[in-house]
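Engineer: Here it is: the structure, laid out below.
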Amino acid sequence: MAAIYAEEHDRPGALGITADPDEASLGFTRLGIDHAKPGMIAKHMCFSVGKETPGKTGQCVRANKWPPQSFRPALKQDTEEFFNQMDAIAVKLAEALCDMIGLPKEALERGRTDRCISGLHHLHFPASDNVLSDAQGLAIVKDTGWRTDPGIFMIISQTEPCFQVQNVQGDTCNLRCGTERLIVLLGDVVEVVTNGHLKATKYRVVPRKGERAAIEFAARLDPDFKVEPHPMFIEDGCPVLPTATQLELMTNQIPGLSCHNQ
C-alpha cells in the first residue's frame with residue numbers, strides 16, 4: 001500500500017483513486033479530514049474488495065474495481081485468496097461466538113448467502129503533516145466521535161497502534177497490539193441479536209505522526225437479511241431493540257443501539 005500510495009502521489013489519477021467516503025465503495029479511495037466520518041479523522045488511502053456476485057437492480061452488490069494488471073500482476077489473485085481466507089476465519093469466529101453465548105448457529109448462518117457484503121480493506125496512513133507527535137494525535141482524537149461496525153464484527157491487523165476502543169465502563173482504551181495479533185471488534189449485528197446483552201464495540205482512529213498500515217475485514221450478512229433480537233435474549237418487561245436489515249444497519253441511524261456512528 002505504501003508503494004501504491006507513492007505511485008498515486010507521483011501520478012495523480014493513474015489508479016482511479018477517488019475521494020468518495022462511502023464505506024461500501026470498492027476499489028481505491030482516499031479518505032481524509034475533509035471527507036471524514038465520525039471516528040475516522042486520519043488521512044489515509046484505502047483499497048476495498050468484496051464478493052463479486054451478480055445482483056438484481058437495487059441490491060447492494062458491486063463489482064470490484066481492480067487497477068490495471070500491469071500495475072501489480074498478482075494483486076487480484078492474492079487479494080481474492082486472502083479475502084476467502086479471512087471469510088473462512090470470520091465464519092469460525094461467528095460459530096465460536098454463538099457457542100460462547102449459547103446462541104444457535106443458524107441465528108447468524110441464515111444471513112450468510114452468496115450476496116453477503118463482507119469487505120476487505122487495505123489501509124495506508126502516510127506520515128501526517130499536521131500531527132507533530134503521537135501525543136498531539138491523542139489530544140486531537142479526544143474531540144472525535146465514536147463509531148461502531150454495522151456487521152457481525154471487524155477483524156483488524158495493524159503495523160502501529162492507531163485504534164482506540166471504549167470498554168463497558170465507558171473508559172477509553174488504546175489498542176497497543178501490532179501485527180503479532182488480530183483485533184476483533186463486535187458489531188451492531190451482535191448487539192441486535194443479543195438484544196443489547198453484548199454491545200457493539202465503540203472505536204475511533206487516532207492520527208499518528210509516522211507512517212502506518214492496517215488490514216480490516218468487515219464480516220457482514222446478506223443486505224436484505226433481517227437482524228432481530230433472538231427470543232433467548234428477550235425478557236418480560238425489558239425493551240427490545242428494533243429489527244433492521246443488514247443494509248439498514250449500514251445506512252440508517254437505528255434507535256436504541258449503543259453507538260451508531262455518533
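Engineer: Select from segment 168-186 the residues that are under 18 Å from the mean Cα position of the chain (by Cα) and closer than 24 Å to H197 by Cα and write down the one among them that is surrounded by the most Cβ atoms within 10 Å (Cβ to Cβ).
Structural biologist: Taking the candidates together, the pick is L185.
Engineer: Something else now. Scanning segment 56-84 for residues that are surrounded by 14 or more Cβ atoms within 10 Å (Cβ to Cβ) and within 27 Å of T245 (Cβ to Cβ), which turns out modelled with the highest pLDDT?
Structural biologist: Step one: of segment 56-84, the residues surrounded by 14 or more Cβ atoms within 10 Å (Cβ to Cβ) are 59-62, 64-67, 72, 75-76, 79-80, 82-83.
Now restrict to residues that are within 27 Å of T245 (Cβ to Cβ): 59-62, 64-65, 80, 83.
Details: Q59: 50, C60: 46, V61: 54, R62: 63, N64: 80, K65: 78, E80: 90, F83: 93.
It comes out as F83.
Engineer: So, V193, is that one touching a strand residue (DSSP E or B) at 6+ places or on another chain (Cβ under 6 Å) and not small (G, A, S) or not? Full working, then the answer.
Structural biologist: Values: touching a strand residue (DSSP E or B) at 6+ places or on another chain (Cβ under 6 Å): no; not small (G, A, S): yes.
Criteria not met by V193.
Engineer: Residues in segment 188-205 that are in a loop (DSSP other than H, G, I, E, B) and surrounded by 22 or more Cβ atoms within 10 Å (Cβ to Cβ): how many? Steps first, please.
Structural biologist: Initial filter on segment 188-205 (in a loop (DSSP other than H, G, I, E, B)): 194-201.
If we keep only those that are surrounded by 22 or more Cβ atoms within 10 Å (Cβ to Cβ) as well, we get 200-201.
Qualifying residue count for the region: 2.
Engineer: Another question, then. Looking only at segment 65-88, how many residues end up being in a helix (DSSP H, G or I) and either aliphatic (A, V, I, L, M) or more than 23 Å from R110 (Cβ to Cβ) (or both)? Lay out the reasoning, then the answer.
Structural biologist: Of all residues in segment 65-88, those in a helix (DSSP H, G or I) come to 75-88.
Remaining after also requiring either aliphatic (A, V, I, L, M) or more than 23 Å from R110 (Cβ to Cβ) (or both): 75-82, 85-86, 88.
So the answer is 11.
Engineer: Now a separate question. Considering only residues that are among the small types (G, A, S), part of a loop (DSSP other than H, G, I, E, B) and in contact (Cβ under 8 Å) with a residue 40 or more places away in the chain, which ones fall in segment 219-253?
Structural biologist: Answer for segment 219-253, where residues must be among the small types (G, A, S), part of a loop (DSSP other than H, G, I, E, B) and in contact (Cβ under 8 Å) with a residue 40 or more places away in the chain: there is none.
Engineer: Kindly establish whether D134 is over 30 Å from P239 (Cβ atoms) and among the acidic types (D, E).
Structural biologist: Numbers: over 30 Å from P239 (Cβ atoms): yes; among the acidic types (D, E): yes.
For D134, the condition - over 30 Å from P239 (Cβ atoms) and among the acidic types (D, E) - is met.
Engineer: Mind checking which residues of segment 89-106 are part of a helix (DSSP H, G or I) and surrounded by fewer than 13 Cβ atoms within 10 Å (Cβ to Cβ)?
Structural biologist: Matches in segment 89-106: K92, A96, D99, M100, E106.
Engineer: Now, a different point. Only one residue in E80, E95 is more than 22 Å from A213 (Cβ to Cβ) and not small (G, A, S), so which one is that? Walk me through it before giving the result.
Structural biologist: Values: E80 fails: more than 22 Å from A213 (Cβ to Cβ).
Exactly one of E80, E95 is more than 22 Å from A213 (Cβ to Cβ) and not small (G, A, S), namely E95.
Engineer: Quickly run through segment 135-165 and pick out the residues that are touching a residue at least 60 places away in the same chain (Cβ under 8 Å), buried (at least 17 other Cβ atoms within 10 Å of the Cβ) and of a type outside the set (V, I, T).
Structural biologist: Result: G137, W146, R147, D149, P150, G151, F153, M154, C162.
Engineer: Separate question: For segment 153-182, which residues satisfy the criterion of being among the hydrophobic types (A, V, I, L, M, F, W, C), at pLDDT below 85 and not in a strand (DSSP E or B)?
Structural biologist: C162, V168, C177
The values are calculated or read from the model by the stated rules, or taken from the named source; none is laboratory data. This is a predicted model, so every value here is computed, not measured. A quick note on method: Cβ atoms are made from the backbone with ideal geometry, for glycine too, and the neighbour counts reach across all protein chains shown.
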